[in-house]
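The values are calculated or read from the model by the stated rules, or taken from the named source; none is laboratory data. Quick caveat, the model's predicted, so the values are computed rather than measured. Glycine also receives a Cβ, built like all others from the backbone with ideal geometry; neighbour counts cover every protein chain displayed. Surface areas here come from the heavy atoms of the whole protein model, side chains and all, with no ligands, DNA or RNA. Shrake-Rupley method; radii C 1.70, N 1.55, O 1.52, S 1.80 Å.
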Amino acid sequence: MPQGDAPEPKKPVGRSPGQLMWARFKRDRTGVVSAVIVLFYFVIAVAAPLIANLYGKDPYTLYGQDNPELLDMFTMPAKPAGGIDGEFWFGIEPGLGRDVFTQLLYGIRTSLFTALAATLLMTVTGVLIGLAGGYFGGRIDYWLGRVTDFFMALPSQLFFVAAMPVITTVFVAPDEETPTYVRTSAIIIVLSFLGWMSMARIVRAATLSLRDREFVEAARISGASSWRIIRKELLPNIVTPTLVQATLTLPSTILSIAFLSFVGVGYVEPTPDWGRMFSIGARIVEQDPYYMLFPGIAMVIFVVAFNLLGDSVRDAFDPKTGR
């Protein structure tokens with residue numbers, strides 16, 4: 001470049017909404033830390049069999065029965081602090097002597113995968129019903145609204161407890177043991193059946209605010225079908241509330257799964273599950289308070305991190321709502 005010539009000014013580079021969202025999210029330290037914690041849990045869930053193999057134990061073997069020295073005469077861990085030592089990192093389960101560490105690994109795996117499937121069904125159902133009611137309006141919106149109100153009025157926890165045995169007996173005879181996949185399917189069905197209403201209302205409200213906008217009217221005037229308008233114009237513009245609501249729904253779904261197992265209508269022996277571990281721990285908390293220590297800490301950290309992640313995702317999409 002000849003001397004004396006001024007350098008050419010840099011041309012401004014435009015960024016997409018996704019890039020702007022990612023840039024805002026990276027500046028949120030709380031959101032980044034929460035995302036790392038949540039990702040860590042998912043890695044643990046996926047790699048649970050590998051970790052257990054490297055650890056050298058599994059959640060099903062009755063180590064206390066194979067080695068009577070691990071349990072005392074009251075079937076409590078013989079060693080202090082719930083049997084925590086170099087061999088059993090988180091101690092052993094009172095009564096049967098199963099390894100708590102691998103039970104927690106597989107319990108996280110069971111709860112996360114079940115909650116993911118249920119949350120996905122809730123999201124899809126809520127988006128479809130919310131879009132239909134918000135876009136078409138009239139009688140369709142009225143009746144879908146009344147159906148939503150009806151489901152929201154149901155006592156969800158009582159319905160969970162009452163519906164689970166009914167659903168399982170539809171597929172399995174009363175004198176037969178219910179397979180784990182049937183219980184998993186029943187839990188997903190029950191949770192998604194009563195969990196889509198909040199998503200539907202949020203999507204309906206967003207659709208109502210969009211359906212009379214200029215770009216939707218232009219698409220309608222150009223002869224676009226309702227399906228094309230919904231798919232091309234409305235769906236991309238409701239991604240933000242849908243994603244935020246889904247991230248807030250997942251931890252509450254995990255708590256619901258734990259509740260079902262805690263009251264005895266969710267996962268049962270010998271399937272490892274967070275709620276089942278809490279159920280066992282509640283019965284022996286006075287004799288062995290250490291058994292619930294690690295599962296409790298793990299669930300609190302996950303739920304708090306996921307809720308904070310949902311808040312950060314919402315703020316990244318819409319900085320006007322920043323904390």
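The table below lists the values:
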{"quantity": "Matching residues in region 119-176 - criterion: being free of Cβ contacts under 8 Å to residues at least 40 places away in the same chain, among the charged types (D, E, K, R) and part of a helix (DSSP H, G or I)", "calculated": "Arg139, Arg146, Asp149"}
{"quantity": "Selection count, region 218-228, where residues are outside any loop (DSSP other than H, G, I, E, B), over 15 Å from Val127 (Cα atoms) and either open to solvent by 60 Å² or more (accessible area, probe 1.4 Å) or hydrophobic (A, V, I, L, M, F, W, C) (or both)", "calculated": "5"}
{"quantity": "Some residue of region 236-247 being in contact with a helix residue (DSSP H, G or I) (Cβ under 9 Å, 6 or more places away or on another chain) and under 15 Å from Gly137 (Cβ atoms)", "calculated": "no"}
{"quantity": "Some residue of region 124-132 being buried (at least 16 other Cβ atoms within 10 Å of the Cβ) and more than 25 Å from Leu191 (Cα to Cα)", "calculated": "no"}
{"quantity": "Meets criteria (within 30 Å of Gly133 (Cβ to Cβ), over 17 Å from the mean Cα position of the chain (by Cα) and assigned to a helix (DSSP H, G or I)) for Asp212", "calculated": "no"}
{"quantity": "Count - residues of region 58-80 that are free of Cβ contacts under 8 Å to residues at least 40 places away in the same chain and open to solvent by 50 Å² or more (accessible area, probe 1.4 Å)", "calculated": "12"}
{"quantity": "Test result for Ile51, in contact (Cβ under 8 Å) with a residue 60 or more places away in the chain, in a helix (DSSP H, G or I), open to solvent by 10 Å² or more (accessible area, probe 1.4 Å) and of a type in the set (Val, Ile, Thr)", "calculated": "no"}
{"quantity": "Scope region 89-105; condition open to solvent by less than 60 Å² (accessible area, probe 1.4 Å), touching a Phe, Trp or Tyr at 6+ places or on another chain (Cβ under 7 Å) and within 20 Å of Tyr55 (Cα to Cα); matching residues", "calculated": "Phe90, Gly91, Ile92, Glu93, Gly97, Arg98, Asp99, Val100, Phe101, Thr102, Leu104"}
{"quantity": "Residue within region 286-309 that is of a type in the set (Phe, Trp, Tyr), open to solvent by less than 20 Å² (accessible area, probe 1.4 Å) and assigned to a helix (DSSP H, G or I) present", "calculated": "yes"}
{"quantity": "Candidates Phe294, Phe278, Phe259, Phe302, filtered to the one that is closer than 14 Å to Glu93 by Cα, out of contact with any Asp or Glu (no Cβ under 6 Å at 6 or more places or on another chain), of a type in the set (A, V, I, L, M, F, W, C) and in contact (Cβ under 8 Å) with a residue 40 or more places away in the chain", "calculated": "Phe294"}
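To keep it simple, each residue is scored yes or no on (1) assigned to a loop (DSSP other than H, G, I, E, B); (2) surrounded by 15 or more Cβ atoms within 10 Å (Cβ to Cβ); (3) without any contact (Cβ under 8 Å) to a residue 60 or more places away in the chain.
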| site | (1), (2), (3) |
| --- | --- |
| Arg201 | no, yes, no |
| Leu208 | no, yes, no |
| Val216 | no, yes, yes |
| Pro236 | no, no, yes |
| Val244 | no, yes, no |
| Thr253 | no, yes, no |
| Gly264 | yes, no, yes |
